[in-house]
Amino acid sequence: MLKSIEKIFSSILDFILPPRTNFAIVKSLTPEKIDTLPKPPPVDGMDWIHPLFHYRDNRVKAIIWELKYRENTLPLEHIGKLLYEEIVGLLSDIVLFDSDAKFLLIPIPITNERRGERGYNQSELICRAIIENDTERILLYAPQWLQKIKETPRQSHSQSREERIKNLADSFEANPQVEGKYVVLVDDVVTTGSTLSEARKTLLEAGARDVFAFTIAH
């Protein structure tokens, strides 16, 4: 009875104050609908990056927009599960050849200035959704072991990959404790792969055994 009243009240409120378009799209996405979102094309020359969905789909764009600019985590419960399954599938192959392997889960960081503007890092929100599924504690969540130490211009579609790489050079710093460990990087979207590549380079230079990346979209 209470749920019926809440549903009626929600419908009336939506009629009086129509929800923003992206929110309405995201709110309608059940786990079953999320499972049918289109798969992305491969990231050119970067088979270590594993995106879930194709960014050109309007529903995927709505998920990313709501997460990035509205801190809307509604779809993350199911997306976190999907990402975790993808991650475990990859790590299971590694364990076959390296039984002592240790795995870190690290979100792509933002600077303190950017965090002050937005108030949160959407990549951290994705990581938390992944960790909720890690009941066997396979992953060590270590956001503090990769820092962004240089503010860089916001990426735009008008920039070439070469320009993005130049902007991002030496913008990350890794903790030496990553040495010998496998790192799983997490971000919301991969476009050219420049940000993830620079973070990966920094981690490998600090001694990481290998680095992989998982994103919601490409």
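Site pair LYS166 and GLU85 shows an inter-label distance of 4.4 nm when each label is modelled 7 Å from Cα along Cα→Cβ. Only Lys, Arg, Asp and Glu carry charge here, each on its Cβ (+1 for the first two, -1 for the last two); on that basis the chain has a dipole of about 760 debye about its Cα centre.
Cα centroid separation, the range 152-218 to the range 41-75: 16 Å. Going from the residue with the fewest nearby Cβ atoms within 10 Å to the one with the most, ILE25, ILE63 rank ILE25, ILE63. Beyond 19 Å in Cα-Cα separation lie the following of the pairs LYS166/LYS201; LYS33/LYS61; LYS68/LYS181: LYS68/LYS181.
Laboratory data are not the source of any read-out in this text; all were calculated from the coordinates shown. The structure displayed is predicted, hence computed values, not measured ones. Every residue, glycine among them, receives a Cβ derived from its backbone with ideal geometry; neighbour counts consider all protein chains shown.
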